[in-house]
Amino acid sequence: MPHWDEVYSEALGTLKGFLESRPDRFIVSAGDPLDDRSFTVEKCGDDIADRALKEVEEQMSSPMHDGKLRVSRWNERYRESLGTLRQFLERYPDKFHIIPGENSKFMVTRRSDLKAIQALRAIECL
């Protein structure tokens with residue numbers, strides 16, 4: 001990226017560091033092993049986010065959905081690109097409502113499912 005150092009580096013650091021801090025948007029790979037400044041960058045397609053969303057939506061559509069998500073091997077398959085499951089869901093406030101639980105636990109409902117939200121709150125009060 002031309003002029004990175006002059007325009008952005010003071011506020012954002014190195015270009016490589018900035019890109020690596022956004023794994024949801026970029027995949028940074030080592031370039032020439034003899035040159036520390038050499039690297040390649042790919043834009044993250046929304047494919048991975050779309051797959052994760054589809055998996056979440058399928059689980060939430062199940063009549064067995066109890067507000068808890070159990071995405072198999074999330075950390076292995078998605079965490080590097082999308083963050084934790086909760087961080088990912090929080091990027092879609094128009095779709096999901098996060099109900100905090102104890103420690104790092106939480107429940108999730110569709111934003112549009114107000115009755116389910118009310119039911120979950122009532123159950124938590126028991």
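Things to note:
- Any chance residue 104 is surrounded by 13 or more Cβ atoms within 10 Å (Cβ to Cβ), at pLDDT 85 or above and among the small types (Gly, Ala, Ser): no
- Of all the residues in segment 39-58, those that are closer than 18 Å to residue 94 by Cα and more than 14 Å from the chain's Cα centre (by Cα) number 2.
- Hits in segment 72-96 (condition: surrounded by 13 or more Cβ atoms within 10 Å (Cβ to Cβ) and either in contact with a helix residue (DSSP H, G or I) (Cβ under 6 Å, 6 or more places away or on another chain) or in a helix (DSSP H, G or I) (or both)): 74, 77, 78, 79, 81, 82, 85, 86, 88, 89, 90, 96
- Residues that are modelled with pLDDT under 90 and either among the polar types (S, T, N, Q) or in contact with a strand residue (DSSP E or B) (Cβ under 6 Å, 6 or more places away or on another chain) (or both), drawn from segment 47-66: 61, 62
- Residue 49 meets the conditions (1) farther than 25 Å from residue 21 by Cα; (2) surrounded by 11 or more Cβ atoms within 10 Å (Cβ to Cβ) in every case but one. The failed one is (1).
The values are calculated or read from the model by the stated rules, or taken from the named source; none is laboratory data. Because the structure is a prediction, the values reported are computed rather than measured. Note: ideal-geometry Cβ built from the backbone for every residue, glycine included; neighbour counts use all protein chains shown.
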